[in-house]
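First comes the structure, then the notes that go with it.
Derivation of every value follows stated rules applied to the coordinates shown; laboratory data play no part. Because the structure is a prediction, the values reported are computed rather than measured. Cβ: placed from backbone, ideal geometry, glycine included. Neighbour counts: every protein chain shown.
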Amino acid sequence: MATKKAAKKKTVKKAVKKAVTKKVVKKKAVKAKTKRKPNPEFMKPMKISDALATVVGSKPIPRTEVTKKLWQYIKKHKLQDKVNRRNINADANLRAVFGGKGTVSMFEMTKLVNKHLG
């Protein structure tokens, strides 16, 4: 009799385990379908300072476009450091944007550029 009860418990545990895993799989599928919307603040045109205007232009453009144009300028003039690719070597125009610094990391660059957007 003890073996019948043990066998019955095992089958019940397996059935419960299957039911739980099916629910988990269904929930994951539902979460994957939701699409992320961009924040409208990033698309808002920003006023650009005179120092930054020499690099990206003087028209008000969104923050995302400022970043794209800045990277186009950096790649066009080959200002990315050859050894440490995370660093940007500033020329005369970028030195004004970077507050007089000659070499700036990518992360520091975004912080310094934000000061020129208003």
Check your understanding: If you check every pair at least six apart or on different chains, which have Cβ atoms under 9 Å apart with a residue in the range 76-104 that is touching a residue at least 40 places away in the same chain (Cβ under 8 Å) first and a residue that is among the basic types (Lys, Arg) and surrounded by 10 or more Cβ atoms within 10 Å (Cβ to Cβ) second?
Key -> Val97/Lys115
Check your understanding: When the range 46-62 is examined, which residues are found to be under 22 Å from the mean Cα position of the chain (by Cα) and part of a strand (DSSP E or B)?
Key -> Met46, Ile61, Pro62
